[in-house]
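Below is one structure, written out as structure tokens; comments come after it.
Each reported figure results from applying straightforward, stated rules to the coordinates on display, with no laboratory input. Remember, predicted model here, so these are calculated numbers, not experimental data. Neighbour counts are summed over all protein chains in view; Cβ atoms, including those assigned to glycine, are modelled from backbone coordinates with ideal geometry.
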Amino acid sequence: MNITLTLRILGALLLFLAVALLFPVPFSWFYGDGAASAFILSAVISAGCGGLLFKRFRSETDLSVREGFAVVTFGWTLFALFGALPFVFSVQSPHTSTPFSRL
């Protein structure tokens with residue numbers, strides 16, 4: 001199995017996730033919920049790890065079925081871990097009002 005190709009593709013996926021983590025930021029600013037910094041920090045961490053993997057590992061070989069399975073398996077795992085970072089970084093009290101509490 002070509003681990004360098006797998007890590008490079010996973011780095012590209014993390015870069016994609018970093019961009020996707022920035023989409024909620026304008027909505028967070030609009031509603032004033034205070035979670036914008038958590039999304040920005042998560043995007044920076046995801047972009048840093050993804051950029052590091054993408055730049056560090058180069059491969060000239062093609063993707064085989066074995067690497068494809070590894071990319072899908074580890075991609076789902078990384079998306080779950082890095083996608084949970086905004087929840088980890090957003091510090092909210094359980095007694096804080098939410099936008100839906102006014103309905």
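Compute the FRET efficiency between Thr77 and Met1 as 1/(1 + (r/R0)^6), taking r as their Cβ-Cβ distance and R0 = 22 Å, and round to the nearest 0.05. Each step should come with its number before you reach the end.
Values: r = 17 Å, r/R0 = 0.75.
After rounding, the FRET efficiency stands at 0.85.
What net charge do the residues around Gly75 carry, taking every other residue with its C-beta under 14 Å from that of Gly75, with Lys and Arg at +1 and Asp and Glu at -1? Don't skip to the answer; put the middle values down first.
On the way: positive: Arg8; negative: Glu67.
Around Gly75, the surrounding residues sum to 0.
Please compute the contact order of the chain in relative form: average sequence separation of alpha-carbon pairs under 8 Å and at least six residues apart, divided by the residue count, as a percent.
Numbers: 111 pairs, mean separation 42.0, N = 103.
Relative CO of the chain lands at 41 percent.
Expressed as an acute angle from 0 to 90° and rounded to the nearest 10, what is the orientation of the C-alpha long axis of helix 65-83 relative to the principal long axis of the chain?
20 degrees
With only Lys, Arg, Asp and Glu charged, each at its Cβ (+1 for the first two, -1 for the last two), find how big the charge dipole of the chain is about the Cα centre; round to the nearest 20 debye.
For the chain, the charge dipole is close to 120 debye.
Would you mind checking the tilt of helix 36-56 against the longest principal axis of the Cα atoms of the chain, expressed as 0 to 90 degrees and rounded to 10?
10 degrees
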